[in-house]
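Data first, discussion second: the structure below is written as C-alpha cells.
The values are calculated or read from the model by the stated rules, or taken from the named source; none is laboratory data. Quantities reported herein were computed from a predicted structural model and do not represent experimental measurements. Cβ placement follows ideal geometry from the backbone for every residue including glycine, while neighbour counts extend to all protein chains displayed. These area figures cover heavy atoms from the full protein model, side chains too; ligands, DNA and RNA do not enter into them. Shrake-Rupley method; radii C 1.70, N 1.55, O 1.52, S 1.80 Å.
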Amino acid sequence: MAELFEYLTEPMQYAFMQRALLMAILVGLVCAVFSCFLVLKGWSLMGDAVSHAVLPGIVIAYILAIPLSIGAFIGGLFCAVATGYVKDNSRLKEDAIMGIIFSGMFALGLVIYLKVQPEIHLDHILFGNILGVQAADLWETGIICAATLGLIVVRRHDLLLYCFDQAYARAIGLPVKLIHYALLVALSLTIVASLKAVGVILVIAMLIAPGAIAYLLTNRFSHMLLISSVVAVGSSVAGVFVSFYLDADTGATIILIQTFIFILAFLFAPTSGILRKKIVSQNS
Amino acid sequence: MAKFIYNPSLEVNDITVTYNNGHTAIYDASFSLSAGTICALVGVNGSGKSTLFKSIMGFVKPVKGSVTLSGMPVLTALKQNIVSYVPQAEDVDWNFPVLVEDVVMMGRFGHMNFMRIPKKKDKLAVRDALEKVGMTEYSRRQIGELSGGQKKRVFLARSIAQEGQIILLDEPFTGVDVQTELAIMKLLKQMRDEGRLMLVATHNLGSIPDFCDHTVMLNRTILDAGKTADVFTPENLEKTFGGVLRHFTLGGDELHDDDDTRSVRVITDDERPLVLYGNKTQKSAAAKKSSTANKPDADAKITTSKAEAK
C-alpha cells in the first residue's frame, strides 16, 4: 500500500509533472465533452482538418508577433468556414473539400515554417510538449477550457437536437446557422487549448476516442457525456504516471491508453460489443 | 377546436427556388391552406417536394415570391414555435443515443427557458403525447429498438408535445404496416379536428382520399391544388406523374361475360401492385403487350396489395 502511494507521489514531487497532470486533466475533460458531439455529428474528419490547419496560423502569428493561440484559432476557424463555403458553391462532397483545404494549409504552414525558422519547435506543435508546460500556459488553457465547457454544457440540449435532427431544430426556431458556427468556434478553441499538451496530430485522438468509447457503451446522451469524461480524465491521469515510469512520451501514452480502452469497449460493450453479439448469435 | 394564438394558415405566393448550382427546383408555385386541414403533397421524386418543405421551413430562400405562415414571414413564424416537422425515416440516425421520451421532450424545447430544464408541465405534455400515440410503455427504449410504425409515432408525439399548429410530415407511411397506417391516419384526423394544419408529402396514393381533405399536385410547379375530391383525378395524376406511374387496367371483357364495359384501374406510384383475379396474377399494361392475356376464372375477385416493408 505504502509502495503504491509512493508510486503516485514520487512524480508529483516535480513541479513540471504537477503542471503536466493538471494540463492533461483539463485538456482531457474539454476534449471528452466535445468528442461526444463530434462523433454524433459525424465531424471527426472536421476535427482532423481544423487541427492541421492551425499550423499556418501559428507560424504567421509568430511572424506578426501576436499570441500564437490567436493565430492558431484563426487558422483553424478559417479552414472550417472555408470548407463550408466551398461545399455550398461546388458539387464536391465535404470530405474531399476538407482534405484539400487542410492539407493545403498544413503544407503552407510547413513551407513558411522552414523559411522563417521560428524559435518554436515543430515537434512541439505537432506532438505537444506537455512536460514543458508553464504556469501561463495552464492559465490560458484553463480559461479556454472553462469557456468552451461552459458553453457546451449549458447549451448541450440545443446542440444535441442540432446534431440529431437539424430540420426539426430549424422548424422550432432554433438558430441553426449560429449553432453550427458556435460548434466550429468551440472546436477550434478546444484544439488550441490542447495544442501544448498533445499537439495538432494527437489532439485528433483526444477529440474522437472518448466520445466513440462512450457511444459504444450507452444509449443515453447524458451517460455518454459522463463516460466520455471519465474515460478521458482517467486516461490522462494514467498516461502521465505511466509515461513517467516508462520514460515515454506523455501525449502518446495518454492516447495509447484511450486506444486500449476503445478496443476493450469494442469487444466487451454490453449490447453492441462483438463478444456479446457472438453470444447472442450462438444462442439463437 | 383548440384555441391557438395564431390561426394556422399556410400561403405559398408564386415562389421560385433556384439553388446555388443554378438548378431551379420549383417555379411560380402558389397555393394556400387554412386551419383544420390535412393536405397531401403529391409528386414524383425530384418534383420539388423537399424543396417546397425546405422553403416553408426557411432552409432555402425563394429567389421570387414568398411563403407566409399564419400571416407571418417564415423566420418570424418559426420563432413562435408553431411549426413542427416529422422527418422521413431515412433522415434519422436511429443509433443516436436518445430514448423515446428524450425525443418527445425535444418538442418542449420551445416552451422551456434557455437551459432547457423541463418543468412539470413539460413532463406532463410528454406523458400525454406518448399516451395519445400509444407509446407510453416504450418511453425508456432507445429509438433504434422500435418498429417502423412505432418510430413514426414517436416523432408524431414530439409534434403533439410541441403543440405544433402547422405540421409538415415527410412520408409518414413508409415502412409502416397497415394497422399502424390506420392508427396514424386516425391520429392525424383528430389533430385536424383540433384545428391544426398538416401538409403530408406521400407516395401512398391509395390512402390520400381516405384522410387528406386537400391535395397539392406538384411537378416543379403547382399543377393543381384544392379539395381532394376535385383535384385527385386520373387526369391530374397523369399530368403529375407523366409516364412514371404504374398503371393497371383490367378491362370489362376480362372480368365477366356481359356488356358492362367499365374497367378496374389500379394506379400506383413507386411500387408495382400485385393484382390477382381469381388465382391468376394479372400483368400490367406494359407487360401485357408482349404476352397474351390470361383468361381469368368466372367467380373471381380483385385484390391489390402494396409491399409495405422497405
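Round to the nearest 0.05 the FRET efficiency obtained for B:THR233 and A:HIS180 when R0 = 45 Å and r is the Cβ-Cβ distance. For R0 = 45 Å, the calculated efficiency reads 0.55. Our summary gives chain B a relative contact order of 20 percent, counting only alpha carbon pairs under 8 angstrom and 6 or more residues apart. Only protein heavy atoms count here; under a 1.4 Å probe, B:ASP259 has an accessible surface of about 140 Å².
The amide H of B:SER47, built 1.01 Å from its N in the peptide plane, has no neighbour under 5 Å, considering only residues 5 or more places off or on other chains. Taking amide H as placed 1.01 Å from N in the peptide plane, B:TYR277 has its amide H under 5 Å from the amide H of B:GLN282, each at least 5 places away in sequence or on another chain. Residues whose amide H lies under 5 Å from that of B:ALA40, counting only those 5 or more places away or on a different chain, are B:VAL200, B:HIS214, B:THR215, B:VAL216; hydrogens are built 1.01 Å from N in the peptide plane.
Helical runs (DSSP H, four residues minimum) scored at -39500 (n - 2.57) apiece and divided by the length of chain B put the mean residue ellipticity at 222 nm at -8000 deg cm²/dmol. Just to compare against my own numbers: the Cα pair-distance distribution for the protein assembly as shown, 20 Å bins, whole % per bin, please. In whole percents, the pair-distance histogram is 17, 41, 30, 10, 2, 0. Interface residues of region A:164-207, defined as those losing at least 50 Å² of solvent-accessible heavy-atom surface relative to the isolated chain (probe radius 1.4 Å), are listed as A:PHE164, A:ALA167, A:TYR168, A:ARG170, A:ALA171, A:ILE172. Of all the options A:GLN166, A:GLN134, A:GLN258, the one that moves most in a Gaussian network model of chain A with Cα springs shorter than 10 angstrom is A:GLN166. Mind running the shape call on region A:20-130? Use the C-alpha gyration tensor, a ≥ b ≥ c as the square roots of the eigenvalues: rounded below 1.5 for a/c, prolate if a/b tops b/c, oblate otherwise. Oblate shape, in that a/c is at least 1.5 and b/c is the bigger or equal ratio.
Counting only alpha carbon atoms, the long axis of helix B:148-162 and the longest principal axis of chain B meet at about 40°. Computed in the context of the full set of protein chains, the accessible area of the protein assembly as shown at 1.4 Å probe radius has 59% of its extent on carbon or sulfur.
Take the convex hull of the alpha carbons in region A:14-283; its mean projected area over all directions comes to 16.5 nm². Computed 3J(HN,Hα) for region B:136-143, one whole-Hz value per residue from the Karplus formula 6.51 cos²θ - 1.76 cosθ + 1.60 where θ = phi - 60°, is 3, 6, 9, 4, 9, 7, 6, 4, glycine and proline marked x. Taking every protein chain into account, the 1.4 Å probe leaves A:LYS93 with about 150 Å² of accessible area, to the nearest ten. Helical runs assigned H by DSSP (4 residues or longer) give chain A a calculated mean residue ellipticity at 222 nm of -28500 deg cm²/dmol, each run adding -39500 (n - 2.57) before division by the residue total. FRET efficiency for the B:ASP193 to B:LYS61 pair, using the beta carbon distance and R₀ = 51 Å, is estimated at 0.90.
Please find, in a Gaussian network model of chain A (springs between Cα atoms separated by less than 10 Å), the residue of A:ASP165, A:ASP48, A:ASP123 whose mean-square fluctuation is greatest. Between A:ASP165, A:ASP48, A:ASP123, it is A:ASP165 that shows the largest mean-square fluctuation. Per residue of A:252-264, other chain Cβ atoms within 10 Å of the residue Cβ number 0 on average. Helices from chain A with mean Kyte-Doolittle at least -1.0 and a Cα length along the axis of 15 Å or more, per DSSP H: which? The qualifying helices are A:15-41, A:44-64, A:68-88, A:94-116, A:135-154, A:176-217, A:221-246, A:250-268.
Ordering A:PRO270, A:PHE73, A:VAL50 by Cα displacement along the dipole of region A:14-283 toward the positive end leaves A:PRO270 in first place; charges were set at the Cβ atoms of Lys, Arg (+1) and Asp, Glu (-1). Here B:GLU11 sits with roughly 80 square angstrom of accessible surface, probe radius 1.4 Å.
Checked against a 30 Å cut-off, the cross-linked pairs A:LYS87/B:LYS64; A:LYS87/B:LYS227; A:LYS41/A:LYS277; B:LYS61/B:LYS119; A:LYS93/B:LYS64 give Cα-Cα distances beyond that limit for A:LYS87/B:LYS227; B:LYS61/B:LYS119. The peptide list A:52-60, B:79-87, B:182-190, put in order of mean Cβ contacts within 10 Å with the highest first, becomes A:52-60, B:79-87, B:182-190. The residues of region B:90-112 occluded by other protein chains by 50 Å² or more of accessible area, set against the chain on its own, are B:PHE96, B:PRO97, B:MET106, B:PHE109; surface from heavy atoms, 1.4 Å probe. Solvent-accessible area per residue in chain A equals 47 Å², computed with a 1.4 angstrom probe and all protein chains kept. Per residue, the accessible area of chain B comes to 47 Å², computed with a 1.4 Å probe over protein heavy atoms only.
For the residues B:ARG140, A:ARG91, B:ARG108, a 1.4 Å probe over the protein chains yields an accessible-area ranking, largest first, of A:ARG91, B:ARG140, B:ARG108. Counting every alpha-carbon pair across chain B, the share separated by more than 31 Å comes to 37%.
For region B:145-188, the mean projected area of the C-alpha convex hull, equal to one quarter of the hull surface, is 3.1 nm².
Note on B:70-82: average number of Cβ atoms from other chains within 10 Å of each residue's Cβ is 2. Considering only A:SER272, A:SER194, A:SER69, the mean-square fluctuation computed in a Gaussian network model of chain A, springs between alpha carbons under 10 angstrom, is largest for A:SER272.
Model label sites at A:VAL81 and A:LEU226, defined 7 Å from Cα along the beta-carbon direction, differ in position by 3.9 nm.
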